[in-house]
1. Return only the number of the condition from (1) modelled with pLDDT under 85; (2) within 28 Å of Leu92 (Cβ to Cβ) that Val20 does not satisfy.
2. Hey, does the stretch 179-186 have a residue that's part of a helix (DSSP H, G or I), closer than 22 Å to Met119 by Cβ and not small (Gly, Ala, Ser)?
3. Report whether or not Leu31 is touching a helix residue (DSSP H, G or I) at 6+ places or on another chain (Cβ under 6 Å), surrounded by 12 or more Cβ atoms within 10 Å (Cβ to Cβ), part of a loop (DSSP other than H, G, I, E, B) and at pLDDT below 90.
4. Answer with yes or no whether His150 is open to solvent by 90 Å² or more (accessible area, probe 1.4 Å) and in contact with an Asp or Glu (Cβ under 8 Å, 6 or more places away or on another chain).
5. Taking the stretch 171-187 as the search range and keeping residues that are under 17 Å from Asp151 (Cα atoms) and of a type in the set (Val, Ile, Thr), which one is farthest from the chain's Cα centre (by Cα)?
6. Any residue at all in the stretch 157-167 that is under 22 Å from Asn81 (Cβ atoms) and of a type in the set (A, V, I, L, M, F, W, C)?
7. Helices (runs of 4 or more DSSP H) wholly in the stretch 63-159 with at least 2 residues that are in contact with a Cys (Cβ under 6 Å, 6 or more places away or on another chain) and in contact (Cβ under 8 Å) with a residue 40 or more places away in the chain - which ones?
8. Do we have any residue at all in the stretch 129-139 that's open to solvent by less than 40 Å² (accessible area, probe 1.4 Å) and more than 18 Å from Leu27 (Cα to Cα)?
Amino acid sequence: CFLFGKDIGKYSTKSYASFVQIVFQDLYGSLNPKRKILNILLDSFLVNKNSAIPGSTQKTSSKIADFEFKISIYLKKVGLNINILNRYPSSLSGGQRQKVLILKALLANPKLIIFDEPMSSLDINSQNEIIKIIKSLYLEGNITILFITHDYRLIQALCNRVMVLSDGEIVEDGKTSEVFANPIHKATKKILEVVK
């Protein structure tokens, strides 16, 4: 399996993380409950060589101020207030936690973000906000989005292309509109029958 022209097994953990970030389904287990949001977000800069915090205290303070400025810009993009930085994950709503997880992924400056069932524990309003954020990511940025879900409507709302898996194998692949209009494989047909 190759990622950006390189055998995926040859990446170190840190170099893989600089290319690929994951937004997990588990909103509660994905954020360390003992750390403030600012400290959680600052960790995102550790995966990039250019972002490594230098040795002296003065330079470190300057670098952290740069990181905090970048965080404040991205906070606006995901619709979060700056006062969230001094809070703990337990004080946030599900939608806010999901936005923090998206922000955490974005700050690592990856080429690919994998969203693993990111809407499953959110209410409808929060889902709509997250959909808008994900759409803006691939429309504005140079980021590839891999969206994993069982929700047919989310696939239609977000995905240009779709791959249908059955028993761990890709059984159908193509433009979302074409695959859903003319499904070929029985697994795809079965999914579409359930949602009609």
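The values are calculated or read from the model by the stated rules, or taken from the named source; none is laboratory data. Just so it is clear, the structure is predicted and the values come from calculations on it, not from any experiment. Here the Cβ positions follow ideal geometry from the backbone for every residue, glycine too, while neighbour counts run over all protein chains shown. The accessibility values were calculated without ligands, DNA or RNA, using every heavy atom of the protein model including side chains. Shrake-Rupley method; radii C 1.70, N 1.55, O 1.52, S 1.80 Å.
1. Here Val20 meets the rest and fails (1).
2. The first filter runs over the stretch 179-186 and keeps only residues part of a helix (DSSP H, G or I), leaving 179-181, 186.
Now drop any that are not closer than 22 Å to Met119 by Cβ, which leaves 179-180.
Next cut, not small (Gly, Ala, Ser) only: 179-180.
Among the residues of the stretch 179-186, at least one is part of a helix (DSSP H, G or I), closer than 22 Å to Met119 by Cβ and not small (Gly, Ala, Ser), which makes the answer yes.
3. On the way: touching a helix residue (DSSP H, G or I) at 6+ places or on another chain (Cβ under 6 Å): yes; surrounded by 12 or more Cβ atoms within 10 Å (Cβ to Cβ): yes; part of a loop (DSSP other than H, G, I, E, B): yes; at pLDDT below 90: no.
For Leu31, the condition - touching a helix residue (DSSP H, G or I) at 6+ places or on another chain (Cβ under 6 Å), surrounded by 12 or more Cβ atoms within 10 Å (Cβ to Cβ), part of a loop (DSSP other than H, G, I, E, B) and at pLDDT below 90 - is not met.
4. On the way: open to solvent by 90 Å² or more (accessible area, probe 1.4 Å): yes; in contact with an Asp or Glu (Cβ under 8 Å, 6 or more places away or on another chain): yes.
Taking the combined requirement at face value, the residue satisfies it.
5. Among them, the one singled out is Val179.
6. As a first pass, look at the stretch 157-167 and keep what is under 22 Å from Asn81 (Cβ atoms): none.
Checked against the condition, which is being under 22 Å from Asn81 (Cβ atoms) and of a type in the set (A, V, I, L, M, F, W, C), the stretch 157-167 yields no hits at all.
7. Details: elements: 94-107, 124-140, 152-158.
Ranges flagged: none.
8. The initial filter retains those residues of the stretch 129-139 that are open to solvent by less than 40 Å² (accessible area, probe 1.4 Å), namely 130-131, 133-134, 136-137.
Then keep just the ones that are more than 18 Å from Leu27 (Cα to Cα); that gives 136-137.
Yes.
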